[in-house]
Each structure stands twice: as C-alpha cells, then as structure tokens.
1. To make sure I understand the rule: partners must be lysines, Cα under 21 Å from the Cα of residue 118, and not fewer than 8 residues away in the same chain. Which ones qualify?
2. At 0.36 nm per residue, and after removing the present C-alpha to C-alpha distance, how many nm does the segment from residue 114 to residue 161 gain when stretched out fully?
3. Applying the Karplus parametrisation 6.51 cos²θ - 1.76 cosθ + 1.60 with θ = phi - 60° to the phi angles of region 104-112, what ³J(HN,Hα) value in whole Hz is obtained for each residue in order, glycine and proline being reported as x?
4. Which of the peptides 102-111, 138-147 is most tightly packed, and how do the rest follow, going by the mean number of other Cβ atoms within 10 Å of each residue?
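What follows draws every value from the coordinates through simple rules; no lab data is involved. What you are looking at is a predicted structure, and each value in this text was computed from that prediction instead of being measured. Quick reminder, even Gly has a Cβ in these numbers, built from the backbone with ideal geometry, and neighbours come from all protein chains shown.
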Amino acid sequence: MFTGLIREIANVKSLVGSTLSIRAKHKAKIGDSIAINGACLTVVKVSNDGFCVELSPESQKYLVMENYKNEVHIEPAMMMGDRFEGHIVQGHIDTIGTISEIKNLGNSYDIFIKVEPKHIAFIVPKGSITIDGVSLTVNDVSTDTFRLTVIPYTMRETLFKNYKKGTKVNIETDMFARYVSHIISHQTKTASISWGEVDAINASF
C-alpha cells in the first residue's frame, strides 16, 4: 500500500527486456514493493546507486512506457507504523489519461485530463485520484474529462513541471468507487445492495 506522496524523483538507467534499472538515493532491498510512476513493482536486484525492478510484458502493455525513460516518481511501500498522509493507493494502474489542457492561474494550475468514458464512473468530484503516483483531489468531472488543481509546490517538486498538452499519464482511480461498482454489478437480479451496506463496505477499509 502507498500514500501517493512522492519520496524521490529517480533516474532510469535502462530498460532491458523486463528489467527496469533505477538510479536512486533510496536504499531498497530485494523483494521490496516500490511504486514507480504509480505502478507497484518488485525489486529484484540492488546496486550501490539504486535498484532494479521487474516490469512484465503485461505491465508494459498497460503503462505509459514513454515515461519510463528519464526521470520517474518513486514511493516505497508503507511500513507498519508509518504516518498516513495522502490517500490509500494500491499501485494498480486502471487506465491511461491524456492531458488536454493546463491553465496557469498564478497561485495554482488547473490541469484537465481526458480518459475513456467508461472510467469516469470511478472518478469522483472532491474524491482522490493518483496521477503517475501523485495523490491529488478531483475538482470537476465531465463525460470524459476531469479537472485537478495543482499548487506551485507540487508543480515544482514533481514531474508535473514537464507535463504539457498531449502528455500521457498513469491513472489509479478511487479504490472504494471500484469496489462498490464491482459488488453492485455482480448482484443477481433478485438481490440488491442498500446504501447502508455501501457505508458498511466503506467503513471496513
């Protein structure tokens, strides 16, 4: 589990087959889970200046691989007792979004991201979302686009500083929205789920 708070911007050394080599200050151990641009990956080798993770063909199929060439966001998995900030992030990428517009508002930036309409149901106004591993809050949602507001600190200290119209990003939608939708969609014709049961599901996490 992760929080969506980026701990370091690391550098990609190489991607050979399924092995992604990262140069980082973080001292990883073999078997560690590390979110790289929001995707939970497993450390398979360590070196003096970083580590390697396994990036299977399945992962490469569903991630924005063009963003795994230079700098990347990394966040080690939470440890028991860690302070919880951000929001609950699984490191499971649901879809790829495309930045359609960035507006500089002076003291903040509005970022509009387009996704396939089928994913909009899991993107909740004022809810949480993870963009390339960064925990953010959704402001508005339309049929195929949602709007985020990013403060100057986030823009400056993350890879958002490099993003522009047309940039593709990894997206993890709201976990609770996905779970509730899955449960409801698998109810039989005679069964139903009440809002009380939905609240109970939410409270169990």
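1. Output for residue 118: 61, 126, 168.
2. 15.1 nm
3. Calculated HN-Hα couplings, in order: 7, 9, x, 9, 6, 10, 8, 10, 9 Hz.
4. 138-147, 102-111
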